[in-house]
Amino acid sequence: MRKSILLAASVLAGLMVQPVAAKDINLRLTAKEVSLPIDNKGTMQMSWTYEGQVPGPVLRVTEGDKVTITLTNDAANKNSHSIDLHAARVDVVKDFESIKPGETKTFSFTVNYPGAFYYHCGSDPMYQHIARGMFGVILVEPKDAKALPKADREYVLVQSEIYANPDDQHSIMRGDWKHVAFNGMAFKYDPVHDPAATRMLVAKPGERVRVYFINAGPNEYSTLHPIAGIWDAVYPSGNPANKETGLQSFVVGPGDGATFDIISPVAGANVIVDHRMSHAHSGAMAVLMYSDDADPKMGRGDLILVP
């Protein structure tokens, strides 16, 4: 009897750690050229986007999935657009090629590595399409659900430079930016340094907060630091195999990403900041507020990317 119980327990334990079965995932995106605010005061700029937002929608799949991407270039657009996914291994000429307004293209790939990956428009000149906001994040969950500790809340932050005139390609090449920002707006989540800001990131003390961070560039490096905190764990490219612990800051280059975990033992706040001060004080700061009455919806579901 005891052997039967032990055998059953062993089988059950084995079932509990089985990897998630691979799936066929179909994702659709539309390139849209729209006017969007670049600061909390409502300053507008013509943006080239996926689905009319900066950054584009968070795409979420699992390691081993076969992903089919269908990209449509809205007929109302004036420019050709494309999509370059850093999680994909494909033919750059055939699959990442540009399509004209009104056209649609489809390609497929299998995601082989877990992580937080960048996607962006690769149409020429690439730096202008990125500078106008045409980028987003594709999260590839590890097939082993236990590869990462469970997060209580998750947030996506994409750093990028905002240029006063993205049509001036020489200013982009020189890195003559106006703001360095998170999620398309200067001081978007920082009412401390910008009284016009109305949003913050929130959590409860003791919760594990996971930040999926992408540096969209197109030019500047980021040194990501949580003021009054320490990164409990950092995973370069978001891959669980790359774990580093107890870091004060971590450098992420343009076109790269990392996953950051943080836990605050006390109520209060951290400020997530690019520690290059010219970047921070032009817009790359985000307040993460800890309180026992933190909104339970924030950092979960669609609100991992706070609009």
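The values are calculated or read from the model by the stated rules, or taken from the named source; none is laboratory data. Bear in mind the structure is a predicted one, so any value in this text is a computation, not a measurement. Glycine gets a Cβ as well: all are built from the backbone with ideal geometry, and neighbour counts include every protein chain shown.
Somewhere in the stretch 191-207, is a residue of a type in the set (D, E, K, R) and either closer than 19 Å to TYR50 by Cβ or in the same structural domain as LYS78 (by TED's automatic domain parsing) (or both)?
Within the stretch 191-207, none of the residues are of a type in the set (D, E, K, R) and either closer than 19 Å to TYR50 by Cβ or in the same structural domain as LYS78 (by TED's automatic domain parsing) (or both).
Take the residues in the stretch 237-252 that are touching a strand residue (DSSP E or B) at 6+ places or on another chain (Cβ under 6 Å) and part of a strand (DSSP E or B); name whichever of them is surrounded by the most Cβ atoms within 10 Å (Cβ to Cβ). Lay out the reasoning, then the answer.
Looking only at the stretch 237-252, we keep the residues that are touching a strand residue (DSSP E or B) at 6+ places or on another chain (Cβ under 6 Å), and these are 237-239, 242-245, 247, 249-252.
Checking which are part of a strand (DSSP E or B) leaves us with 244-245, 247, 250-252.
Details: GLU244: 12, THR245: 10, LEU247: 15, PHE250: 17, VAL251: 15, VAL252: 21.
Top of the filtered list is VAL252.
What are the residues in the stretch 191-233 that are touching a helix residue (DSSP H, G or I) at 6+ places or on another chain (Cβ under 6 Å) and of a type in the set (Lys, Arg), if any?
Listed by number, the list is empty, since nothing qualifies.
Can you tell me which residue in the stretch 201-221 is surrounded by the most Cβ atoms within 10 Å (Cβ to Cβ), limited to those that are within 14 Å of the chain's Cα centre (by Cα) and among the small types (Gly, Ala, Ser)?
ALA216
Pull out all pairs, ordered by first then second residue, where Cβ-Cβ is under 9 Å, the residues are six or more apart or on different chains, the first lies in the stretch 205-223 and is farther than 14 Å from ARG276 by Cα and in contact (Cβ under 8 Å) with a residue 24 or more places away in the chain, and the second is among the acidic types (Asp, Glu) and in a loop (DSSP other than H, G, I, E, B).
Correct list of pairs: PRO205/ASP292; GLY206/ASP152; GLU207/ASP152; ARG208/ASP152; VAL209/ASP152; ARG210/ASP152.
Can you tell me which of VAL61, VAL90 is closer than 26 Å to ASN215 by Cβ, outside the structural domain of HIS281 (by TED's automatic domain parsing), of a type in the set (Val, Ile, Thr) and outside any strand (DSSP E or B)? Walk me through it before giving the result.
Values: VAL61 fails: outside any strand (DSSP E or B).
Checking each option against the conditions leaves just VAL90.
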